[in-house]
Structure formats: structure tokens, C-alpha cells
Amino acid sequence: MQKKPMAQIKPFCDRILIRPFTEEALKQARGKKSSFDIILPDSVMKEKSAQGKVLAVGEGKMVDSKLVPIRVKVGDIVIFSKYGYDEVEYGGEELYLLKEENILAVIK
């Protein structure tokens, strides 16, 4: 089955579509160690990722009758709140849909 392009999903308002990093990708990036060279137990490593890549963004949010555009852009790597998203399955892939206020940081 061929995957559908993400351009077919357009979030509304100030919502952002994110592909969370997989456990394997995070393990490779961290080498199963924290930034302080502490080996993390597998129970911690099995938690869902709070980092991902932005796939699509909405047009923004209306504030005082003016459209305020979203500050992140497609392709950004972001850190987001672990409890502030909705899971969406599309093309056999698990994606997250969240509001801009749940984005905590952009990784440069």
C-alpha cells in the first residue's frame, strides 16, 4: 500500500500535525544514555516521544479580529507537551495533532 502525501492533511486554525520520533530513532540519537551519561532503564525508554517533526500547520489563530500566524513551520523539529495532543492514524502511520500552545520549543 502506497503512503498518501501529508499535504492532504491541512490542520485547522492553530493546530499542527507532527510525526513523533520513534523509540528506535530516539535510542540511536541518545545511545540509551542521558546527556549526563546515565544509563536509562527500559521502562523510561518505552515512554512515548515528546519530540517530532512538523508535517503541516494551520493558518493561525484569530486574536482581536486579526489572524496571528503559527510560528513553527513545516520541517521544524519540536518538543511538545506529552499530554497535549490527539493521536491520528493516517496511511498506517501514527501522527499527533496539537495546538500551537502545546509546542514547548523548536530544536535548531
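Here, each number is a calculation from the coordinates, and none is a lab measurement. Everything quoted here is computed from the prediction, not taken from an experiment. Neighbour counts run over all protein chains shown; Cβ positions are idealised from the backbone, glycine included.
Of everything in the range 51-108 that's of a type in the set (Ser, Thr, Tyr) and part of a loop (DSSP other than H, G, I, E, B), which residue is nearest to the chain's Cα centre (by Cα)? Per the stated criteria, the residue is Ser81. Scan the range 49-108 for residues that are loosely packed, with under 14 Cβ neighbours inside 10 Å and of a type in the set (D, E, K, R) and the total you get is 12.
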